[in-house]
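The values are calculated or read from the model by the stated rules, or taken from the named source; none is laboratory data. Note that the structure is predicted; figures quoted are calculated from it, not measured. Cβ placement follows ideal geometry from the backbone for every residue including glycine, while neighbour counts extend to all protein chains displayed. Accessible surface is based on the protein model in full, side chains and every heavy atom, while ligands, DNA and RNA are left aside. Shrake-Rupley method; radii C 1.70, N 1.55, O 1.52, S 1.80 Å.
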Amino acid sequence: MQDYLKGLNEPQREAVTHINGPLMIVAGAGSGKTKVLTTRIAHLLASGVDAFNILALTFTNKAAAEMKERIEKILGNSEARNLYIGTFHSVFARILRGEAHRIGYPNSFTIYDTDDSRSVIKTVVNELNLDDKHYKPNVVGSRISSAKNALIGPAEYATTHYIQQEDMRANRPAIAQIYAAYASRCFKNGAMDFDDLLLKMYELLNTFPEVLHKYQHKFKYIMIDEYQDTNTVQYQITKLLAAVHENICVVGDDAQSIYSFRGATIENILQFQKDYDDVKVVKLEQNYRSSQNIISVANEVIRNNKGQIPKNLWTENEHGEKIKLVRTMTDNDEGRFVADTIQEQKLRNHYHNSDFAILYRTNAQSRAFEESLRRMGIAYRIYGGTSFYQRKEVKDVLAYLRVIANTRDEEALKRIINYPVRGIGKTTIEKCVIIANEQNMTMFDVLQQAGTAGFKGSTLESLQNFVTMIRYFQSLLAEKNAYDVAVQVGKHTNIIKELFNDKTTEGLARYENVQELLNSIKEWTESPGNEDGEVGDKSLGAYLQQITLLTDADENKEDSDVVKLMTIHAAKGLEFGCVFVGGVEESIFPSGMSINTREELEEERRLFYVAVTRAKQRLWLSYANSRYRFGQLVQNDPSRFIEEMPDQYIDRSYAGGGARNHAGSEWGSGIERMQRGFGNTAASAEKRYGPPPAKKPSVQKRPEYMPPPPQSKVVTHQPSADFVASDTSQLQAGQRVEHQKFGFGKIASIEGSAHNPVATIQFEHNGEKKIMLNYAKLRIVE
DNA sequence: ACCTCTTACGTTTTT
DNA sequence: CGTAAGAGGT
């Protein structure tokens with residue numbers, strides 16, 4: 001038997017060794033799904049399948065990168081490089097780069113991110129003389145997006161009865177019109193939004209039999225990860241691709257389907273067996289990740305959902321600790337509790353920062369955690385905030401590159417035509433847009449013929465100079481790589497000099513961000529393969545396309561030891577030793593937006609299931625009595641999901657049991673006393689640590705905080721095995737105590753008020769420290 | 001044309 | 001509460 005088959009359990013081996021014909025792997029949380037996927041690919045290769053004939057689709061670049069890495073490890077050679085592994089979006093973008101001309105797009109088409117897309121919608125709404133207060137870009141955009149994901153084009157949208165009824169009911173009858181205008185504008189701009197990458201791929205396969213044939217025979221073996229999260233377009237595409245060989249292997253867990261808002265339909269996995277004859281089904285039910293208590297709770301909660309694929313997740317792991325339920329007074333207390341507990345766990349159980357994750361339902365919840373961690377001096381990183389590439393100054397430079405690669409990109413063109421200021425004012429730009437629309441030309445075409453278009457004098461000169469400049473940049477493309485062109489842009493346009501001369505803090509940060517962008521382009525240019533493992537394509541177009549599909553969660557910068565903060569969505573597929581789930585409250589989790597139908601609620605429950613099953617050893621669920629929302633203090637009940645967890649697995653000692661408010665308030669006030677004592681307010685924290693990263697972005701690509709090195713080196717102390725915090729209310733000078741971190745010491749004096757006593761302690765190895773007795777955990781030795 | 005102040009609005013979740 | 005877009009002033 002081949003080496004790689006060792007260490008697989010029976011169902012895993014069954015899945016790995018099934019080569020031909022449709023296969024569905026129902027993989028429970030933590031059941032070794034990635035292991036099976038990667039081993040299966042290795043097995044395919046060992047069985048003589050050519051790497052070039054294998055396609056593996058994932059939802060995140062991170063998952064793709066991990067798979068590739070693990071396959072390389074198993075194979076021990078560079079054959080993995082020839083595999084087509086990537087996200088739906090990046091793989092299709094790559095294919096479309098070669099085929100786009102067939103459907104009227106330039107091969108260096110632009111990819112619009114959500115911001116670009118919203119901006120186009122806004123333009124279109126205004127051009128149609130509709131009220132943009134009523135037709136809000138976000139609302140319209142998500143309608144259009146759902147339509148695209150369901151393979152409904154503008155024409156069908158306008159004629160489909162129930163859709164029109166919905167729009168009429170919402171008093172937005174013109175969405176169909178906007179959709180049509182938006183689609184044709186994107187086309188005119190030579191741009192595809194995220195949904196188009198799927199939609200156009202489908203159109204391509206559906207319209208051109210020779211293209212379909214080509215990829216059907218190229219991808220003889222197809223694997224799809226997270227199949228429960230596929231939407232209609234993705235489903236149809238993979239069905240088309242797999243139609244000839246039917247060597248399609250889908251992996252998923254219906255209990256972890258959490259992307260219906262993006263058009264994912266759980267039906268795809270539930271119905272898979274009906275799509276093909278002779279579907280082999282393998283269930284992976286043994287969990288290798290979590291403790292028994294965690295698995296039991298997860299199973300019990302998810303049981304409240306109807307209509308699942310029956311399965312029984314089990315584990316041989318130990319029972320582990322009970323799940324700790326935590327109630328605090330406010331959201332800030334919640335943050336403090338978490339930061340404090342992390343500190344404590346690090347000391348008590350020898351965890352590292354990287355063993356902890358703080359998960360939440362909405363991004364906005366990160367703030368309270370962030371502040372507390374910062375105060376405690378705990379290094380952390382937030383995943384999924386505003387990405388580096390969305391910063392204005394970065395987008396400006398990228399806009400130049402976009403225009404150079406694709407002059408049809410009107411969004412980018414409007415962004416840079418008068419940046420830096422070159423005397424092309426608002427009126428001129430509007431005139432250009434109008435002419436372009438009337439003559440059905442691109443805006444850049446208008447600029448090229450500015451003279452015939454009726455522009456005169458200095459305006460004409462400015463326009464002509466602009467065109468000449470862009471042309472110059474384009475001419476560089478022939479011999480220079482993306483980095484050299486970008487540098488030329490920075491120099492020639494004076495952008496770099498301008499930012500450099502801005503000596504304000506923000507100006508400095510902007511300058512550094514642009515430098516950072518240039519560095520990243522350079523890095524990309526010099527790296528051997530891009531994210532698809534594709535060798536060679538180092539063109540500007542390729543760079544721009546992959547940049548747009550990059551999320552900040554993708555950079556695998558695992559080197560630094562930090563606590564990770566992210567939404568539960570972002571945490572899917574990951575695992576952590578210790579997990580805190582914050583805001584387990586009604587109207588947050590489940591979200592107030594998702595409690596109107598059974599389907600919505602069940603998805604929230606699946607999300608809860610995902611959150612719980614991220615934890616390997618320890619899990620805390622916290623909820624606050626009241627928290628700030630829209631600047632107002634609101635009160636939420638504990639989440640209904642808490643009631644669904646059987647008592648036997650739960651430790652409620654932090655939730656206050658009967659006297660809940662009492663316990664909560666004591667916690668809160670104790671912490672507050674501590675802060676007053678240290679003068680440790682947000683303001684003083686800023687003095688010590690600098691302003692929070694959210695406010696002052698520097699060169700960092702995403703929020704990341706490393707605490708300053710300690711002023712005096714602390715001699716680390718291993719707490720005694722029997723360490724128990726003593727009652728310190730009667731503590732007197734001269735007594736000997738043990739501190740968790742500073743070790744043994746002698747009380748020199750006790751000061752402070754009665755409710756806020758401060759002890760000055762002479763430690764044996766760490767010198768003199770002032771310790772807040774209300775807070776610190778001290779063991780009285782004698 | 002640019003900067004500052006005010007107001008309005010928003011919180012699901014992401015490629 | 002915090003940000004983003006509009007208004008109004010210089």
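Under 6 Å between Cβ atoms, at least 6 apart or on separate chains: pull out the pairs that start in the range A:11-31 with a residue that is among the charged types (D, E, K, R) and end on any residue that is assigned to a strand (DSSP E or B).
A:GLU14/A:VAL282
Would it be correct to say that A:GLY335 is touching a helix residue (DSSP H, G or I) at 6+ places or on another chain (Cβ under 8 Å) and not assigned by the TED database to the domain that holds A:ASP561?
Taking the combined requirement at face value, the residue does not satisfy it.
Is it true that A:THR330 is among the hydroxyl-bearing types (Ser, Thr, Tyr), without any contact (Cβ under 8 Å) to a residue 60 or more places away in the chain and open to solvent by 20 Å² or more (accessible area, probe 1.4 Å)? Working first, answer last.
On the way: among the hydroxyl-bearing types (Ser, Thr, Tyr): yes; without any contact (Cβ under 8 Å) to a residue 60 or more places away in the chain: no; open to solvent by 20 Å² or more (accessible area, probe 1.4 Å): yes.
The answer is no for A:THR330.
Quick one: is A:LEU151 more than 16 Å from DNA strand B (Cβ to nearest atom), touching a residue at least 40 places away in the same chain (Cβ under 8 Å) and either open to solvent by 40 Å² or more (accessible area, probe 1.4 Å) or touching a Pro at 6+ places or on another chain (Cβ under 9 Å) (or both)? Please lay out each step first, then the result.
Details: more than 16 Å from DNA strand B (Cβ to nearest atom): no; touching a residue at least 40 places away in the same chain (Cβ under 8 Å): yes; either open to solvent by 40 Å² or more (accessible area, probe 1.4 Å) or touching a Pro at 6+ places or on another chain (Cβ under 9 Å) (or both): yes.
Spelling it out, it is not the case that A:LEU151 is more than 16 Å from DNA strand B (Cβ to nearest atom), touching a residue at least 40 places away in the same chain (Cβ under 8 Å) and either open to solvent by 40 Å² or more (accessible area, probe 1.4 Å) or touching a Pro at 6+ places or on another chain (Cβ under 9 Å) (or both).
Take the residues in the range A:121-148 that are among the hydrophobic types (A, V, I, L, M, F, W, C) and in contact with a helix residue (DSSP H, G or I) (Cβ under 8 Å, 6 or more places away or on another chain), then tell me which one is surrounded by the most Cβ atoms within 10 Å (Cβ to Cβ).
As a first pass, look at the range A:121-148 and keep what is among the hydrophobic types (A, V, I, L, M, F, W, C): A:121, A:124-125, A:128, A:130, A:139-140, A:144, A:147.
Within this subset, residues satisfying the condition of being in contact with a helix residue (DSSP H, G or I) (Cβ under 8 Å, 6 or more places away or on another chain) are A:121, A:124-125, A:128, A:130, A:140, A:144, A:147.
Details: A:ILE121: 26, A:VAL124: 24, A:VAL125: 24, A:LEU128: 14, A:LEU130: 18, A:VAL140: 24, A:ILE144: 24, A:ALA147: 23.
The residue in question is A:ILE121.
Identify, from the list A:SER587, A:SER626, the residue that is more than 15 Å from A:ILE302 (Cβ to Cβ), surrounded by fewer than 22 Cβ atoms within 10 Å (Cβ to Cβ), within 14 Å of DNA strand B (Cβ to nearest atom) and not acidic (Asp, Glu).
Details: A:SER626 fails: within 14 Å of DNA strand B (Cβ to nearest atom).
On inspection, the qualifying residue turns out to be A:SER587.
A:GLY48 fails exactly one of the following numbered conditions: (1) assigned to a loop (DSSP other than H, G, I, E, B); (2) open to solvent by less than 20 Å² (accessible area, probe 1.4 Å); (3) small (Gly, Ala, Ser). What is the number of that condition?
Single failed check for A:GLY48: (2).
Within the group A:PHE261, A:PHE194, which residue is surrounded by fewer than 23 Cβ atoms within 10 Å (Cβ to Cβ), under 17 Å from A:ILE95 (Cβ atoms) and within 14 Å of DNA strand B (Cβ to nearest atom)? Show your work before the answer.
Working: A:PHE261 fails: under 17 Å from A:ILE95 (Cβ atoms).
The conditions single out A:PHE194.
Which numbered condition in (1) out of contact with any helix residue (DSSP H, G or I) (no Cβ under 7 Å at 6 or more places or on another chain); (2) surrounded by fewer than 22 Cβ atoms within 10 Å (Cβ to Cβ); (3) not in a helix (DSSP H, G or I) is the only one that A:LYS62 fails?
With respect to (1) out of contact with any helix residue (DSSP H, G or I) (no Cβ under 7 Å at 6 or more places or on another chain); (2) surrounded by fewer than 22 Cβ atoms within 10 Å (Cβ to Cβ); (3) not in a helix (DSSP H, G or I), A:LYS62 is out only on (3).
Pull up the range A:264-288, narrow it to residues that are within 24 Å of A:LYS616 (Cα to Cα) and either modelled with pLDDT under 90 or open to solvent by 40 Å² or more (accessible area, probe 1.4 Å) (or both), then point me to the one that is nearest to DNA strand C (Cβ to nearest atom).
A:TYR288
Quick check: is even one residue across the range A:377-393 away from DNA strand B (no atom under 14 Å from the Cβ), part of a helix (DSSP H, G or I) and touching a strand residue (DSSP E or B) at 6+ places or on another chain (Cβ under 9 Å)?
The answer is no; no qualifying residue exists.
For A:ILE71, are the conditions met, namely being closer than 23 Å to A:TYR276 by Cβ, among the hydrophobic types (A, V, I, L, M, F, W, C) and assigned by the TED database to the domain that holds A:TYR227? Show your work before the answer.
Details: closer than 23 Å to A:TYR276 by Cβ: no; among the hydrophobic types (A, V, I, L, M, F, W, C): yes; assigned by the TED database to the domain that holds A:TYR227: yes.
Judged against the criteria, A:ILE71 is not a match.
So, in the range A:452-476, exactly how many residues are out of contact with any helix residue (DSSP H, G or I) (no Cβ under 6 Å at 6 or more places or on another chain) and open to solvent by 20 Å² or more (accessible area, probe 1.4 Å)?
Residues flagged as out of contact with any helix residue (DSSP H, G or I) (no Cβ under 6 Å at 6 or more places or on another chain) and open to solvent by 20 Å² or more (accessible area, probe 1.4 Å) within the range A:452-476 amount to 15.
Restricting the first residue to the range A:260-272 and requiring it to be farther than 18 Å from A:GLU604 by Cα, which pairs with a second residue that is more than 14 Å from DNA strand B (Cβ to nearest atom) and in a loop (DSSP other than H, G, I, E, B) meet a Cβ separation below 9 Å and a spacing of at least six or different chains?
A:ILE269/A:ASP253; A:ILE269/A:ILE309; A:LEU270/A:GLY307; A:LEU270/A:GLN308; A:LEU270/A:ILE309; A:PHE272/A:PRO22; A:PHE272/A:VAL279
Here are some residues: A:LEU607, A:LEU619. Which one is in contact (Cβ under 8 Å) with a residue 60 or more places away in the chain and within 14 Å of DNA strand B (Cβ to nearest atom)? If you could, list the steps in order and put the result at the bottom.
Values: A:LEU619 fails: within 14 Å of DNA strand B (Cβ to nearest atom).
Criteria check complete, one pass: A:LEU607.
Inside the range A:359-376, can you point out the residues that are buried (at least 22 other Cβ atoms within 10 Å of the Cβ), within 12 Å of DNA strand B (Cβ to nearest atom) and assigned to a helix (DSSP H, G or I)?
A:GLN365, A:SER366, A:ALA368
Please enumerate the residues belonging to the range A:65-90 that are open to solvent by 30 Å² or more (accessible area, probe 1.4 Å) and more than 16 Å from DNA strand B (Cβ to nearest atom).
Listed by number, the residues that qualify are A:GLU69, A:ARG70, A:GLU72, A:LYS73, A:ILE74, A:LEU75, A:GLY76, A:ASN77, A:SER78, A:GLU79, A:ARG81, A:ASN82.
With respect to the numbered conditions (1) at pLDDT 90 or above; (2) within 14 Å of DNA strand B (Cβ to nearest atom); (3) among the small types (Gly, Ala, Ser), which one is the sole condition not fulfilled by A:GLY631?
Evaluating A:GLY631 over (1) at pLDDT 90 or above; (2) within 14 Å of DNA strand B (Cβ to nearest atom); (3) among the small types (Gly, Ala, Ser) leaves (1) as the failure.
Which residues, taken from the range A:10-38, are under 18 Å from A:GLU285 (Cβ atoms), part of a helix (DSSP H, G or I) and open to solvent by less than 10 Å² (accessible area, probe 1.4 Å)? Spell out how you get there, then give the answer.
If we filter the range A:10-38 for residues that are under 18 Å from A:GLU285 (Cβ atoms), which is where we start, we get A:10-16, A:18, A:23-37.
Subset that is part of a helix (DSSP H, G or I): A:10-16, A:33-37.
A:GLN12, A:ALA15, A:VAL16, A:VAL36, A:LEU37, listed by residue number.
Cβ-Cβ distance below 7 Å, separation of 6 or more or different chains: which pairs start in the range A:407-434 with a residue that is closer than 17 Å to A:SER184 by Cα and open to solvent by 50 Å² or more (accessible area, probe 1.4 Å) and end on one that is among the small types (Gly, Ala, Ser) and more than 16 Å from DNA strand C (Cβ to nearest atom)?
These pairs meet every condition: A:ARG408/A:GLY190.
Which of the following residues is away from DNA strand C (no atom under 16 Å from the Cβ) and touching a Cys at 6+ places or on another chain (Cβ under 9 Å): A:ASP409, A:ASP355, A:ASP340? Write out each step before concluding.
Details: A:ASP409 fails: touching a Cys at 6+ places or on another chain (Cβ under 9 Å); A:ASP340 fails: touching a Cys at 6+ places or on another chain (Cβ under 9 Å).
None of the others qualify; the one that does is A:ASP355.
Go through A:ARG118, A:ARG94 for me and flag whichever is open to solvent by 10 Å² or more (accessible area, probe 1.4 Å), closer than 30 Å to A:ALA405 by Cβ and either in the same structural domain as A:ALA242 (by the TED database) or over 20 Å from the mean Cα position of the chain (by Cα) (or both).
Details: A:ARG118 fails: either in the same structural domain as A:ALA242 (by the TED database) or over 20 Å from the mean Cα position of the chain (by Cα) (or both).
So the residue among A:ARG118, A:ARG94 that is open to solvent by 10 Å² or more (accessible area, probe 1.4 Å), closer than 30 Å to A:ALA405 by Cβ and either in the same structural domain as A:ALA242 (by the TED database) or over 20 Å from the mean Cα position of the chain (by Cα) (or both) is A:ARG94.
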